[in-house]
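Asks: My questions will all concern the structure given below.
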């Protein structure tokens, strides 16, 4: 786990600045959910975008199931950490598109988890379509707001959550929380700090209406527990023992295909002829 958050924050921002300059980007686009991951992403990005004088575009994209408190937190994050923020309600578009985009019949039980996940995936992919169009309009890139814990769990929507650049993709969820607290504690603007802290203490949810919280889906008591189990699993020298059949371990093992997406058959398995 990270010991020096000041140093880690500086390194993230320096890497980000170099990438923007090397690629001639004119804007940064980020979906803001009211959760801690997107909040930390724009809090890290803002000083870099300000220094380079490029737009940091934030959008709170709601679709039917977002709770009022989530929307309020997203608005506050957008107010303090972006240069261009708007609320976008795609509920009517979703309600029109869902019957056209999903194969469904009277046999489908709309109250069971698999169907709710299908609905959630469609919402996530609609949000990403909107964000990528903004990036194309303003010659920028879309930020990923996933973390390493979610990566290991397969807790994201393929083609619906992963953007072009991840400031926090290789941070454990517990590190996301701790880095956010570090930033808030060192901000001069106390209103901005409080907006970030509100996301730290909020119930983690994807806003897709699948369950009341992310931890309900993951089937764990806390992210500290999740990270502890995953670290033990990844450390081949340690016996996972009592956690062998824990939902976190089973979820990690069953989601391997998502971390290898897209899978391409190795050329050597097809032919002995070289590519050139």
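What follows is calculated from the coordinates using simple rules that are stated; it is not laboratory data. Because the structure is a prediction, the values reported are computed rather than measured. Every residue, glycine among them, receives a Cβ derived from its backbone with ideal geometry; neighbour counts consider all protein chains shown.
Asks: On full extension of the chain, what length is gained from residue 255 through residue 72, given 0.36 nm per residue of separation minus the C-alpha to C-alpha distance? Numbers along the way, then the final one.
Replies: On the way: separation 183, 0.36 × 183 = 65.88 nm, distance 3.27 nm.
62.6 nm is the gain from fully extending residue 255 to residue 72.
Asks: Which order do the peptides 33-43, 159-169 take when ranked by the mean count of other beta-carbon atoms within 10 Å per residue, highest first?
Replies: Numbers: 33-43: 26.7, 159-169: 18.7.
Most protected by this proxy first, the peptides run 33-43, 159-169.
Asks: Report the paramagnetic label zone for residue 185: residues of region 1-41 whose backbone N is under 11 Å from a point 7 Å from Cα along the Cα-to-Cβ axis.
Replies: What the label zone holds, given the 11 Å backbone N cut-off, is 5-6.
Asks: Mind checking which of 66, 170, 261 has the largest fluctuation in a GNM of the chain, springs on alpha carbons under 10 Å?
Replies: The residue with the greatest mean-square fluctuation here is 261.
Asks: Please work out the C-alpha center-to-center distance from region 152-226 to region 25-61 and express it in whole Å.
Replies: Value for the Cα centre distance between the two parts: 15 Å.
Asks: Let me ask something else about it. Which of rounded, prolate or oblate describes region 1-144 when judged by the alpha-carbon gyration tensor and an a/c cut-off of 1.5? Working shown, then result.
Replies: Working: a/c = 2.27, a/b = 1.91, b/c = 1.19.
Verdict is prolate for region 1-144.
Asks: Just grab the label-to-label distance for residue 170 and residue 7, each label 7 Å out from Cα along the Cβ direction, in nm (one decimal).
Replies: Once both label points are built, they end up 1.5 nm from each other.
Asks: Once you have a ≥ b ≥ c as the square roots of the Cα gyration tensor eigenvalues for region 5-264, tell me rounded if a/c is under 1.5, and otherwise prolate or oblate according to whether a/b is larger than b/c.
Replies: Values: a/c = 1.57, a/b = 1.13, b/c = 1.38.
Verdict is oblate for region 5-264.
Asks: What is region 109-224 by shape, rounded, prolate or oblate, if you read a ≥ b ≥ c off the alpha carbon gyration tensor as root eigenvalues and call it rounded for a/c under 1.5, prolate for a/b larger than b/c, and oblate otherwise?
Replies: Working: a/c = 1.89, a/b = 1.19, b/c = 1.58.
Judged from the Cα gyration tensor, region 109-224 comes out oblate (a/c at least 1.5, b/c at or above a/b).
Asks: Taking the Cβ-Cβ separation of residue 52 and residue 129 as r and a Förster radius of 25 Å, what is the calculated FRET efficiency to the nearest 0.05? Show your work: numbers first, answer last.
Replies: Numbers: r = 27 Å, r/R0 = 1.07.
With a Förster radius of 25 Å, E is 0.40.
Asks: What is the gain in length, in nm to one decimal, between residue 216 and residue 111 on full extension, counting 0.36 nm per residue of separation less the C-alpha to C-alpha distance? Spell out each step's value before the answer.
Replies: Working: separation 105, 0.36 × 105 = 37.80 nm, distance 1.57 nm.
Once the chain is fully extended between residue 216 and residue 111, it gains 36.2 nm.
Asks: While we're looking at this one, here's another question. With a Förster radius of 22 Å, plug the Cβ-Cβ distance of residue 200 and residue 244 into 1/(1 + (r/R0)^6) and report the FRET value to the nearest 0.05. Spell out each step's value before the answer.
Replies: Details: r = 32 Å, r/R0 = 1.45.
Computed FRET efficiency for residue 200 and residue 244 comes out at 0.10.
Asks: Under a 10 Å cutoff between Cα atoms, tell me which one of 142, 181, 200 has the largest fluctuation in the Gaussian network model of the chain.
Replies: Largest GNM mean-square fluctuation: 181.
Asks: Follow-up question, since we're still on this one. Can you tell which of 153, 25, 131 shows the greatest fluctuation in a Gaussian network model of the chain with Cα springs below 10 Å?
Replies: Per the Cα network of the chain with a 10 Å cutoff, 25 tops the list.
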